[in-house]
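Trainee: Got a structure for you, questions after.
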Amino acid sequence: MSNRVGTSEPKELLPLASGLKGSVIDVHYYNLYSDIFDNMTVQQNIDFINTNRSSDLNLVTTSNGPLTFVGEWAAEW
């Protein structure tokens, strides 16, 4: 399952997905659409993902809840 594009509520599918055995929440990160990444090196971009996106993933990762899958991470150099 993947959230609607543009939604500001990353946990909107958790109630439904938690009730479905074997469900997975699919998340996507599109760094190329944000100006803060324009002057970052590849390593800085990866470091940003490791440090900043972990809090985003913690929102949708719950004990006894659905699995989380990062289905796409898009960047541009």
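Trainee: Name the residue, out of S54, S63, S18, whose mean-square fluctuation peaks in a Gaussian network model built on the chain with Cα pairs under 10 Å.
Mentor: Fluctuation is largest for S63.
Trainee: Could you check how much of the accessible area of the chain is carbon and sulfur, as a whole percent, using a 1.4 Å probe?
Mentor: Numbers: 2990 of 5510 Å².
That share works out to 54 percent.
Trainee: Heavy-atom accessible area per residue, the chain, 1.4 Å probe: how many Å²? Mind showing how you got there, number by number?
Mentor: Working: 5510 Å² over 77 residues.
Heavy-atom accessible area per residue stands at 72 Å².
Trainee: State, to one decimal in nm, how far the label point of K21 lies from the label point of E9, with both points 7 Å from Cα in the Cβ direction.
Mentor: 2.8 nm
Trainee: Looking at the calculated P(r) for the chain, what percent of the C-alpha pair distances fall above 22 Å?
Mentor: Details: 861 of 2926 pairs.
Tail fraction, whole percent: 29.
The values are calculated or read from the model by the stated rules, or taken from the named source; none is laboratory data. Please read these numbers as outputs of a predicted model, since none were measured by experiment. Cβ atoms come from the backbone with ideal geometry, glycine included; neighbour counts cover every protein chain shown. Please note that ligands, DNA and RNA were not included when accessible areas were found on the heavy atoms of the full protein model with its side chains. Shrake-Rupley method; radii C 1.70, N 1.55, O 1.52, S 1.80 Å.
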